[in-house]
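Engineer: First the structure, then my questions, so here it is.
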Amino acid sequence: KACFAMDTRESSPALLNAAMTGCQSVGVATTDFGLCTTPQLHWLVSQNLTDPKNWDLYPQHFKTKFVDFVTLCAENSMTKSKENYQSQLLLDCANGVGAHVMRKMIALQGFQEHLQITLFNDDEQPTNLNNQCGAEHLKNKQLPTGWDKSKHAGLKCVSFDGDADRQIYFYGDE
């Protein structure tokens with residue numbers, strides 16, 4: 001069985017269709033997960049979750065593991081995690097598929113109690129993918145569109161690339 005997903009690039013639907021048609025023409029069963037990040041597709045396949053109905057298991061899995069980690073840190077008397085932990089995070093989604101998944105994750109009950117994520121560059125329009133934003137833009141020492149020094153100085157930030165398989169963390173200092 002071959003599992004497929006796509007990101008928000010304009011070429012994605014045509015490429016997906018061609019790949020699935022090719023597999024089906026030689027008798028290979030296919031699954032289409034639709035819009036999906038690269039890490040999400042890898043996780044679904046590694047867990048042998050090949051039914052498209054399993055798409056939502058990834059955000060739930062990530063949320064559970066994240067909450068477990070935060071709880072473990074808070075219980076560890078050897079760390080000062082509570083006084084050093086900053087629960088606000090600005091997330092530059094590079095106008096890519098990462099925004100789609102992060103909206104689902106943020107909506108899960110209990111997630112925002114531990115991490116308040118503010119998404120920006122999250123419109124998912126193919127023409128805006130990685131346009132003046134995202135990890136590649138930041139890698140070239142340019143702050144993403146939407147980051148405002150007067151509003152965001154002092155906050156932790158992260159920029160995804162277009163398919164959310166790479167990220168760069170930065171601190172919004174002055």
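Engineer: May I ask you to list the residues of segment 1-37 whose amide nitrogen lies under 19 Å from a point 7 Å from Cα along the Cα→beta-carbon direction of Thr145?
Structural biologist: The answer is 8-11.
Engineer: Using modelled backbone amide H atoms (1.01 Å from N, in-plane), which distant-in-sequence or interchain residues come within less than 5 Å of Phe33's amide H?
Structural biologist: Phe4, Ala5
Engineer: Go through Lys1/Lys141; Lys53/Lys141; Lys53/Lys151; Lys104/Lys139; Lys1/Lys63; Lys63/Lys139 and tell me which ones have a Cα-Cα distance over 32 Å in this structure.
Structural biologist: Pairs exceeding the cut-off: Lys1/Lys141; Lys53/Lys141; Lys53/Lys151.
Engineer: How large is log10 I(q)/I(0) at q = 0.14, 0.16, 0.19, 0.20 Å⁻¹ when the Debye formula is applied to the Cα atoms of the chain, each weighted equally and without solvent?
Structural biologist: Here the Debye-derived log intensity ratios amount to -0.82, -1.01, -1.26, -1.33.
Engineer: Just to verify a number: what accessible area does Glu124 come out at with the full protein assembly present, 1.4 Å probe, Å² rounded to tens?
Structural biologist: Only protein atoms counted, so the area is about 40 Å².
Engineer: Measure off 7 Å from each Cα along the Cα-to-Cβ vector at Ala2 and Ala107, then give the distance between these two points in nanometres to one decimal.
Structural biologist: Label-label distance for Ala2 and Ala107, simple model: 3.1 nm.
Engineer: Report the Cα-based extents of segment 1-76 along its three principal axes, largest first, to the nearest Å.
Structural biologist: That gives 55, 26, 16 Å along the principal axes, largest extent first.
Engineer: If you don't mind, another one. Add +1 for every Lys or Arg and -1 for every Asp or Glu among the other residues with Cβ under 12 Å from the Cβ of Val158, and state the total.
Structural biologist: Once all neighbours under 12 Å are counted, the net charge is 0.
Engineer: Accessible area of Ile106, 1.4 Å probe, to the nearest 10 Å²?
Structural biologist: Probe radius 1.4 Å; accessible area of Ile106 about 30 Å².
Engineer: Once each part is reduced to its C-alpha centroid, what is the distance from segment 88-164 to segment 43-67 in angstrom?
Structural biologist: Distance between centres, Cα-based: 21 Å.
Engineer: Okay, next question. Hey, what did the chain get for relative contact order, percent, Cα under 8 Å, at least 6 apart?
Structural biologist: That works out to 23 percent.
Engineer: Residues of segment 1-30 with amide nitrogen under 20 Å from the 7 Å Cα-to-Cβ point of Gln125?
Structural biologist: Only 7-13 fall inside the zone, counting backbone N under 20 Å.
Engineer: In the full protein assembly as shown, how much of Thr21 is accessible to a 1.4 Å probe, in Å² to the nearest 10?
Structural biologist: About 70 Å², rounded to the nearest 10.
Engineer: So if R0 is 22 Å, what FRET efficiency would Leu155 and Asp68 give, r being the distance between their Cβ atoms, rounded to the nearest 0.05?
Structural biologist: 0.35
The values are calculated or read from the model by the stated rules, or taken from the named source; none is laboratory data. All figures in this text were calculated on a predicted structure; none of them were measured in a lab. In this analysis, Cβ positions are derived from the backbone assuming ideal geometry, glycine residues included, and neighbour counts consider all displayed protein chains. These area figures cover heavy atoms from the full protein model, side chains too; ligands, DNA and RNA do not enter into them. Shrake-Rupley method; radii C 1.70, N 1.55, O 1.52, S 1.80 Å.
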